[in-house]
């Protein structure tokens, strides 16, 4: 009988411990959501939203206490995710033009409405987000020669792993005379990271048709970007031609640079390129200068 009572007491104790543990775990998992409220004049208020209605948003901030913001002044309310706040407590937004480096793209999914124009020294580049994961575009020189069409489809594999497949295809226009110039580059991009910091490995095969003859070479790329401040990002891009035989030497183009977000829908980017050929590196004096603008 004593042993039976001891067993009952032990079971009751274990049951109580399990119930307390479950309640504690439930309390710990109920994490309070934090938001950033962005106003029309660029102000940012970070904290827990206490209430909101048609007239105002009431938010509890750490530095200013409770702040009441008129609803007509609110431009955007965004939930804070891990990594959105740096060690100094400053909100770091996503890179606005996160799907593009200098020349190459990545596997991050394009968002509908992320259409933009990229002004280069040699000509314009238009990219249109026609769906959440699909973009199309056209690029050319200031002389409209040649004209290149682009298409990319993104496949999210996980929160920070994305795959992109696409095609660049171009043709000569008015300046070819009796010669026809055409080229195509099907590619795939594997991207690790998010819209603040990412690394991309790309590969494709470039085929060129000129004067009735066709040739091609594989092409690979390693590119990436990381946001080092609220409006500053470091960007790296590359084109690498692997050596495919004894008669075809390899080479590459390396482009490190920096991107400055000058406005909510604009950015300025510049970098210096380096050509690698025959085992030697040659710096190009003319810098890469580009201007991004949302459409």
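Values for this structure:
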| item | result |
| --- | --- |
| Residue in region 275-285 that is in a strand (DSSP E or B) and surrounded by 14 or more Cβ atoms within 10 Å (Cβ to Cβ) present | yes |
| Which numbered condition residue 198 misses (of (1) surrounded by fewer than 16 Cβ atoms within 10 Å (Cβ to Cβ); (2) touching a residue at least 24 places away in the same chain (Cβ under 8 Å); (3) in contact with a strand residue (DSSP E or B) (Cβ under 9 Å, 6 or more places away or on another chain)) | (1) |
| Scan of region 246-274 for residues that are part of a strand (DSSP E or B) and at pLDDT below 85, ordered by number | 248 |
| Condition check for residue 215: within 22 Å of the chain's Cα centre (by Cα) and not in a loop (DSSP other than H, G, I, E, B) | no |
| Residues (touching a strand residue (DSSP E or B) at 6+ places or on another chain (Cβ under 8 Å) and part of a loop (DSSP other than H, G, I, E, B)) located in region 286-295 | 287, 295 |
| Those residues of region 154-177 which are within 22 Å of residue 199 (Cβ to Cβ) and more than 14 Å from the chain's Cα centre (by Cα), in sequence order | 157, 158, 165, 166, 168 |
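Table: residues versus (1) surrounded by fewer than 18 Cβ atoms within 10 Å (Cβ to Cβ); (2) touching a strand residue (DSSP E or B) at 6+ places or on another chain (Cβ under 9 Å).
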site	(1), (2)
165	yes, yes
207	yes, yes
213	yes, no
227	no, yes
235	no, yes
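The values are calculated or read from the model by the stated rules, or taken from the named source; none is laboratory data. The model shown is predicted, which means the values in this text are computed figures rather than measured ones. Note: ideal-geometry Cβ built from the backbone for every residue, glycine included; neighbour counts use all protein chains shown.
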